[in-house]
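See below for the structure under consideration.
The values are calculated or read from the model by the stated rules, or taken from the named source; none is laboratory data. Remember, it's a predicted structure, so these values are computed and weren't measured experimentally. Virtual Cβ from ideal backbone geometry, glycine too; neighbours counted across all protein chains shown.
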Amino acid sequence: MAAAFSSISPFPPTNFFFYQHRLRRRRSPTPPADHLGNGQWPVHPDLRLRRPMARLYPLIRATGNGPTSDSHPTSSGLPPDIQRSTAGMSSADGYVGLFVRMLGLDNDPLDREQAITTLWKYSQGGKKCIDIIMQFPGCINLVVSLLKSESPATCEAAAGFLQTVSAVSIYRDVIADTGAIEEMSSLLCQPSLTSEVKEQILRTLWNLSTDEKLRTRIAKGYMLPMLVSFLDGEEVKVKEAAGGILANLSLTLSLHSPMVEAGVIPKLAYLFKINNEDHKIIRKEAKATLLELAKDDYYRILIIEEGLVRVPLVGADAYRVFRPPTHSWPSLPDGTEIERNSTPSRYGASELLLGLSVREKNFNLEEAKINAIVGRSQQQFLARIGAIEVDGVRKSQLEPQNQQYTLLPWIDGIARLVLILGLEDVSAIIEAAHAVADASISEHMRISFKEAGAIKLLVPLLQHNSEVVQEAAAHALDRLSFSHIVLQTIEEEGVLEPLTSILKEGNTSATFLEKAVNILSRIFEPGNIIDTKFSEKVTDGSKDISSEEAIGGFSKVPYPISRPKLLKRGMVMDSSFISRLTEILRTSSPSLQVKVASVLVYLVTLEANAAAATSAGIELALDAVFRKGSTSGM
């Protein structure tokens with residue numbers, strides 16, 4: 001019977017009953033193995049059809065590669081446009097055009113599904129396969145139309161095909177010109193969309209977003225809030241694709257504002273702080289996005305408020321000079337050591353273990369001190385074993401636009417910055433000092449830097465032989481001194497002497513001068529003014545002067561002004577210092593004049609300083625200020 005059918009039927013005898021069975025079931029398993037790769041049917045190994053297509057087989061026989069072809073194969077049975085497109089192709093590649101034609105709207109939906117599934121698998125063979133598919137005009141249009149199919153399998157295959165093709169940069173404009181971006185954006189709004197289809201669509205948009213010209217179209221309208229919403233409650237693959245799109249969008253400066261308004265910072269910060277292997281990719285994308293947003297001062301504050309600190313990458317070479325004392329043990333910033341109950345490790349392992357378990361032990365410590373110990377023990381251990389920036393790549397300090405940063409949780413970030421401040425690399429110290437200033441946005445962060453030991457390192461840097469280092473340290477101390485508690489520590493560390501030396505120098509830059517005056521004005525603010533009637537208490541040492549005894553009830557400082565502190569202040573109140581302040585008062589900007597005047601108010605409360613100010617010409621300086629104010633309307 002099989003022989004009889006072979007003489008009258010165009011189908012191979014081995015497949016006749018198989019084909020009749022498929023017509024009844026409308027679906028098919030993988031075709032028999034003897035017709036997939038033995039040279040009789042020139043089909044790519046990855047092209048596994050779910051059902052036979054009756055219209056396709058006569059065309060296959062017409063090419064001369066079927067089981068009944070003659071010795072001189074011909075393509076006369078193919079349409080002329082496909083004949084031209086398949087010229088010079090291999091036998092497997094030559095049938096791509098047939099599947100492209102089967103994407104047409106006049107074909108059966110199941111045939112279209114089989115065709116797009118086959119083309120999707122075939123496109124995964126690489127750029128060569130994609131190039132062959134893209135030779136057929138209108139192919140992308142037909143694929144985009146399949147995104148509206150009611151079959152999830154068809155939608156997934158169409159989106160997957162677009163995702164594969166969009167990976168090739170030369171075809172991204174072709175896809176965008178068909179309106180695929182808008183079609184996919186509309187499709188993402190459907191609540192019934194499966195996660196597989198959603199993932200393929202987002203990965204296609206991820207590829208397209210690498211083109212700067214297309215980012216605005218992708219972020220248009222409701223698409224940006226939708227991408228942010230995908231960061232919650234979705235599968236990890238969907239989050240990764242949405243995060244990748246947002247990372248590319250953040251490369252366009254004009255999109256930063258709408259991204260922040262859509263609430264991207266809190267969600268990315270939360271994902272970044274999830275430290276497990278499943279979230280490795282999304283953490284990387286979240287960090288890239290947040291670092292781009294952190295280039296804006298205001299957005300950087302929002303990121304810090306989420307518990308993240310931007311830390312400069314200074315290169316592994318800078319850490320090689322880090323030599324903490326061997327057999328060290330965790331201690332408080334004031335030098336008080338924690339009681340030892342074992343022999344410390346030479347490489348800091350015991351310090352690390354104690355630092356990590358300090359919360360669990362019965363230590364009578366404040367939370368800020370515990371955090372400082374935890375962060376310091378971790379960062380010093382990483383520095384000891386060479387696990388910080390192992391690549392050793394270092395960007396030039398002369399090219400600030402090329403500086404690189406990383407993000408760390410605030411405990412580790414503060415400890416890392418303090419660690420860098422103690423290195424010998426000048427450029428690393430400068431970057432760390434500026435990062436400390438950027439991160440000092442709240443009382444919590446300022447006190448955390450104090451407990452981590454930043455003040456002890458910053459104050460000596462004011463006497464560094466590099467003025468750039470001095471200015472960076474002054475910038476950090478200026479931001480830290482907004483806290484009265486930290487300001488007290490700054491003064492106790494001896495900041496007055498280097499600040500007065502800086503002010504006495506006539507060639508100090510305006511920016512550096514302003515930072516130094518800012519710190520001094522806070523130290524000598526009205527709450528610290530001491531009436532001359534209390535001077536006897538200072539000179540005879542009979543009593544400390546508390547801030548409650550300050551003149552005029554302007555007390556703001558919650559700590560007492562001790563005799564040693566007043567004596568230290570008196571050491572810098574010489575005539576040359578007062579003369580320099582008077583000169584600055586006469587020649588500086590109005591904002592700086594206010595701060596210099598506040599310092600002079602404190603100094604002239606003592607009779608000796610008042611005489612020095614008079615001899616320095618303070619009356620002329622005040623007259624110049626008043627004249628300028630009357631003419632400018634101040």
Check your understanding: Within the group SER192, SER123, SER166, which residue is in contact with a Cys (Cβ under 6 Å, 6 or more places away or on another chain) and closer than 26 Å to VAL236 by Cβ?
Key -> SER123
Check your understanding: Does any residue in region 199-221 that is under 19 Å from VAL238 (Cα atoms) and of a type in the set (Asp, Glu) come within less than 9 Å, Cβ to Cβ, of a residue that is modelled with pLDDT under 95 and not in a helix (DSSP H, G or I) six or more places away or on a different chain, and which pairs are these?
Key -> GLU199/GLU235
**Study point:** Filter result for LEU103 (part of a loop (DSSP other than H, G, I, E, B) and either within 14 Å of ALA159 (Cβ to Cβ) or not small (Gly, Ala, Ser) (or both))
**Key:** yes
Study note, to complete from the structure: Reported set for region 589-611 where residues are at pLDDT 70 or above and small (Gly, Ala, Ser) is SER589, SER591, ALA597, SER598, ALA610, ALA611
Exercise for review: Quick one: LYS395 ticks every box in (1) part of a helix (DSSP H, G or I); (2) modelled with pLDDT under 80; (3) surrounded by 12 or more Cβ atoms within 10 Å (Cβ to Cβ); (4) within 19 Å of the chain's Cα centre (by Cα) except a single one, so which number is it?
Suggested key: (1)
Review point. In this structure, does ARG446 turn out to be under 16 Å from GLU367 (Cβ atoms) and either in a helix (DSSP H, G or I) or in contact (Cβ under 8 Å) with a residue 60 or more places away in the chain (or both)?
Key: yes
Check your understanding: Do you know which residues across region 398-438 are polar (S, T, N, Q) and at pLDDT 95 or above?
Key -> none
Check your understanding: Here is a list of conditions, (1) modelled with pLDDT under 90; (2) outside any helix (DSSP H, G or I); (3) not hydrophobic (A, V, I, L, M, F, W, C), and ARG84 meets all of them except one; can you say which number that is?
Key -> (2)
Review point. Which members of region 474-517 meet the condition of being aliphatic (A, V, I, L, M) and either within 29 Å of the chain's Cα centre (by Cα) or assigned by TED's automatic domain parsing to the domain that holds ARG446 (or both)?
Key: ALA474, ALA476, LEU477, LEU480
Exercise for review: Name every residue in region 296-324 that is of a type outside the set (Asp, Glu) and assigned to a loop (DSSP other than H, G, I, E, B), in order of residue number.
Suggested key: GLY307, LEU313, VAL314, GLY315, ARG320, VAL321, PHE322, ARG323, PRO324
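Yes or no, residue by residue, for (1) buried (at least 20 other Cβ atoms within 10 Å of the Cβ); (2) among the small types (Gly, Ala, Ser):
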residue: GLY221; (1), (2): no, yes
residue: LEU224; (1), (2): yes, no
residue: GLU235; (1), (2): no, no
residue: THR252; (1), (2): no, no
residue: SER257; (1), (2): no, yes
residue: VAL260; (1), (2): no, no
residue: ILE265; (1), (2): yes, no
residue: TYR270; (1), (2): no, no
Review point. Taking into account only those residues within region 214-265 that are outside any helix (DSSP H, G or I) and charged (D, E, K, R), which is modelled with the lowest pLDDT?
Key: GLU234
